[in-house]
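Notes for the one structure printed next.
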Amino acid sequence: MSGSVLLDTNIVIGLFASDQAVLARLSKTDHIFIPSIVLGELYFGAYKSAHSDQNVRRIEELIATSAVLVCDAATAAHYGRIKKALREKGRPLPENDIWIAALAQQHNLTVVSRDQHFKEIENLPVEAW
């Protein structure tokens, strides 16, 4: 496997947990990106955890060694198109996941997630690790 991927929160959590399937796939991937939205979800989890200082440090280490993608006006346009299409299909998704999908489409990336609902979005490559 090779290519460029955008990691969902559950994959980063797998990375933090040393999930062997995630580690094996990451080692064979050319370009790995993390959405700023995922960082927000990770920080939320860290701040509500019993070991918040340790978990925040892990996130900061990840940020220091990762390519983080942020939302801009172009991302917002993708978001709007995705959300409209999902509404027309009657298939709502969590807001954060729509933003993650918008970033992936904007940058021509494959979303890596264990959430099946990303498959509801047309023209979005998705892999489950």
Original post:
Can we say Ile13 is surrounded by 13 or more Cβ atoms within 10 Å (Cβ to Cβ) and not in a helix (DSSP H, G or I)?
Top reply: no
Subject >> Test: residue in the stretch 60-71 that is touching a strand residue (DSSP E or B) at 6+ places or on another chain (Cβ under 7 Å), of a type in the set (D, E, K, R) and more than 13 Å from Asp8 (Cα to Cα) >> reply: no
Subject >> Options Leu42, Leu7, Leu15: the member that is modelled with pLDDT of 95 or more and touching a Pro at 6+ places or on another chain (Cβ under 9 Å) >> reply: Leu7
Subject >> Selection count where residues are more than 22 Å from His31 (Cβ to Cβ) and touching a helix residue (DSSP H, G or I) at 6+ places or on another chain (Cβ under 8 Å), scope the stretch 60-76 >> reply: 1
**OP:** Considering each residue of the stretch 92-108, count those that are free of Cβ contacts under 8 Å to residues at least 24 places away in the same chain and under 9 Å from the mean Cα position of the chain (by Cα), and give that number.
**Re:** 1
Original post:
Of the conditions (1) under 18 Å from Arg114 (Cβ atoms); (2) at pLDDT 95 or above, Met1 fails just one. Which one is it?
Top reply: (2)
**OP:** Please indicate, with yes or no, whether at least one residue in the stretch 1-10 is in a helix (DSSP H, G or I), surrounded by fewer than 18 Cβ atoms within 10 Å (Cβ to Cβ) and hydrophobic (A, V, I, L, M, F, W, C).
**Re:** no
**OP:** Any residue in the stretch 64-81 that's more than 14 Å from Trp99 (Cβ to Cβ): show its pairings with residues that are surrounded by 13 or more Cβ atoms within 10 Å (Cβ to Cβ) and of a type in the set (Val, Ile, Thr) at Cβ separation under 9 Å, as long as the two are six or more apart or on different chains.
**Re:** Ser66/Ile32; Ser66/Ile34; Ala67/Ile32; Ala67/Ile34
Original post:
Do we find a residue being in contact (Cβ under 8 Å) with a residue 24 or more places away in the chain and of a type outside the set (Gly, Ala, Ser) anywhere in the stretch 46-55?
Top reply: no
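Conditions (1) within 14 Å of Trp129 (Cβ to Cβ); (2) charged (D, E, K, R), marked per residue:
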{"site": "Asp8", "(1), (2)": "yes, yes"}
{"site": "Val12", "(1), (2)": "yes, no"}
{"site": "Pro35", "(1), (2)": "no, no"}
{"site": "Glu41", "(1), (2)": "no, yes"}
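The values are calculated or read from the model by the stated rules, or taken from the named source; none is laboratory data. Bear in mind that the values here come from a model prediction, so they are computed numbers and not experimental data. When we count neighbours, we look across all protein chains shown, and the Cβ atoms used for this are built from the backbone with ideal geometry, even at glycine.
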